[in-house]
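For reference, the structure is listed below as structure tokens.
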């Protein structure tokens, strides 16, 4: 089965910007499964939840690193 592009955008989220991360994390899986098929929504949710957790982890790591660097200066 070939991958199908269902959405394309010129927007590139900034992993260090809280608003970009929050928008991604709060975006429901239905947005990425435009047919609304329950099986597709479930599959998207299964794939996207780890990506959301990773986005938060990376944002937190970037800000913890920045805070630690600022504390030393």
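Note on residue 67 and residue 23: the model spin-label points, each 7 Å out from Cα along the C-beta direction, lie 2.5 nm apart. With each label modelled as a point 7 angstrom along the Cα→C-beta vector, the residue 56-residue 12 pair spans 2.7 nm. If each DSSP helix of 4+ residues adds -39,500 (n - 2.57) and the sum is divided by the residues in the chain, what number results at 222 nm, nearest 500 deg cm²/dmol? Result for the chain: -21000 deg cm²/dmol, rounded to the nearest 500.
Every read-out reported here was derived from the displayed coordinates using simple, explicitly stated rules and does not represent laboratory data. All values derive from a computational prediction rather than experimental measurement. Every residue, glycine among them, receives a Cβ derived from its backbone with ideal geometry; neighbour counts consider all protein chains shown.
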